[in-house]
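Step one of this worksheet: look at the structure below.
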Amino acid sequence: MGKKTQDKKRRLGKKFKQARRMPLLVTLRTHRKLQFNRFSRNWRKQKIKLDD
C-alpha cells in the first residue's frame, strides 16, 4: 500500500466537501430554488470516482 500524493489528497478533500449536506439557511434564502446537493452521495454505496 503506497502513500497518497498531495494531489490525490486534494482531490479527495474536494469530493468530501462537495458531498456535504446543503445548509438549511441556503434553502430558505433561495426560496427553495436550491433544495438538495447534486453532488451528494452515499459513502457506503457510491465510491468517489478519481481520474488516476
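The values are calculated or read from the model by the stated rules, or taken from the named source; none is laboratory data. All of these numbers come straight from a predicted model, not from anything done at the bench. Here the Cβ positions follow ideal geometry from the backbone for every residue, glycine too, while neighbour counts run over all protein chains shown. Surface accessibility is based on the protein's heavy atoms, side chains included, excluding ligands, DNA and RNA. Shrake-Rupley method; radii C 1.70, N 1.55, O 1.52, S 1.80 Å.
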Angle check, please: helix 6-18 long axis (alpha carbons) against the longest principal axis of the chain (alpha carbons), in degrees 0 to 90, nearest 10. 20 degrees
If R0 = 35 Å, then Leu34 and Thr5, at their Cβ-Cβ distance, give a FRET efficiency to the nearest 0.05 of 0.55
Rg ratio (alpha-carbon, reference 2.2 N^0.38 Å) - the chain: 1.47
With the full set of protein chains in place, find how many percent of the accessible area of the chain is carbon and sulfur; take the probe as 1.4 Å. 54 percent
Of the residues Leu25, Gln6, Leu50, the Cα lying farthest along the dipole of the chain towards its positive end, which is defined by charges on the beta carbon of Lys, Arg, Asp and Glu, belongs to Leu25
Paramagnetic reach from Ala19 (point 7 Å along Cα→Cβ, amide N under 12 Å) across region 37-52: 39-50
